[in-house]
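The values are calculated or read from the model by the stated rules, or taken from the named source; none is laboratory data. These numbers come from a predicted model, not from an experiment. Counting neighbours? That spans all protein chains shown, and the Cβs are built from the backbone with ideal geometry, glycine included. Calculation scope for accessible area: heavy atoms of the full protein, side chains included, ligands and nucleic acids excluded. Shrake-Rupley method; radii C 1.70, N 1.55, O 1.52, S 1.80 Å.
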Amino acid sequence: MNQTSAGNNSRANLESFCEEAINNSESTNRPQPEAPTILGTSPEQAWVRPSFKGPDGRFGAGTAFVVSQDNAVFLLTAHHLFGPAGGLDREYRWSEMPNLVSGASGENPLGKVSVITGKALPVKGARGMQGTQLNADLAIFPVQSESQVHAMPLAQTLPQVGDDVWLVGEVIGSSEYRHKAVVNEVSKEGIYYRFDNKIELRATSGAPIVDAKGQVVAMNLGGGEYQGAIMGIGNPAPVMNCHLQAAWH
């Protein structure tokens with residue numbers, strides 16, 4: 001199959017996925033989007049170490065990042081953090097999320113960025129990654145008006161194999177906040193990328209993967225060493241956008 005045909009098929013698959021996600025979502029009375037202060041679009045300042053407010057107090061896990069989409073601003077992170085990976089007794093179902101997490105907050109070490117959100121949105125079908133199925137591992141929070149944030153755009157198309165991308169966020173053992181990788185595999189189920197350097201991926205679940213334009217192409221979910229290099233796995237941005245549209249309809 002030539003590259004043009006593959007690209008057309010990918011777009012058709014994404015459009016079909018989006019349509020199904022939106023049609024199958026549960027209509028609820030969403031509050032109107034609030035308008036936080038957007039300071040810019042810097043990827044290095046659009047991520048935070050999040051803290052979540054649960055029924056038993058606050059807990060922190062992983063990484064999160066801010067996006068601006070559909071005239072509203074959202075904090076995105078990985079659903080699997082709301083389970084044993086985040087120190088909880090079990091993984092909570094998508095339908096439990098609004099009652100489990102009444103809000104989130106976070107700060108970025110590089111600037112005067114402060115993120116405050118409302119309760120988690122119900123992302124229908126959200127769950128931790130299962131095998132090669134990565135694209136349901138997502139949690140979404142609407143950012144509230146008292147926040148001051150940098151907000152990135154979500155890419156509307158999948159990246160290409162061979163594209164340069166960067167994980168943005170705090171990596172244990174490094175003073176850098178941007179870590180280069182090259183895309184190895186791409187589908188609507190997940191994106192795989194090989195890092196140039198050996199880095200520690202612990203606590204980077206939920207971190208943004210950005211392209212040279214500064215738009216989010218994926219959310220990092222994990223990874224590890226493979227054939228002498230560090231490989232990362234991520235939830236594709238166009239699919240996350242589908243879930244966002246469905247959750248905020």
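Of note:
- Summing Lys and Arg as +1 and Asp and Glu as -1 over all other residues whose Cβ lies under 10 Å from the Cβ of I172 gives a net charge of -1.
- The residues of the chain have, on average, 45 Å² of accessible surface per residue, using a 1.4 Å probe with all protein chains present.
- Efficiency of FRET between L110 and E185 - r from beta-carbon atoms, R0 35 angstrom, step 0.05: 0.65
- The chain - percent relative contact order, Cα under 8 Å, separation 6 or more: 22 percent
- Local electrostatic count at W94 - Lys and Arg +1, Asp and Glu -1, tallied over other residues with Cβ under 9 Å: +2
- Translational diffusion coefficient (Stokes-Einstein; Kirkwood radius from C-alpha pairs) of the stretch 66-112 at 10 °C, 1.306 mPa s, in µm²/s: 125 µm²/s
- Taking only alpha carbon atoms, the chain gives an Rg to Rh ratio of 0.94, where Rh is the Kirkwood radius.
- Separation of the Q245 and R90 label points, Cα + 7 Å toward Cβ, nm: 3.4 nm
- Computed [θ] at 222 nm, helices only, for the chain once each DSSP H run of length n ≥ 4 contributes -39500 (n - 2.57): -4500 deg cm²/dmol
- Stretch gain in nm, segment D70-Q160, where the contour uses 0.36 nm per residue and the Cα spacing is subtracted: 29.9 nm
- Excluding same-chain neighbours fewer than eight residues apart, the lysines reachable from K213 by a Cα-Cα span under 18 Å are K180.
- Available extension along the chain between Q148 and Q130 is 3.0 nm, counting 0.36 nm per residue and deducting the alpha carbon span.
- Three-way shape call for the stretch 119-249 based on the alpha-carbon gyration tensor, with the a/c threshold at 1.5: prolate
- Per-atom-type breakdown for the chain gives carbon and sulfur 45% of the accessible area (1.4 Å probe, protein chains only).
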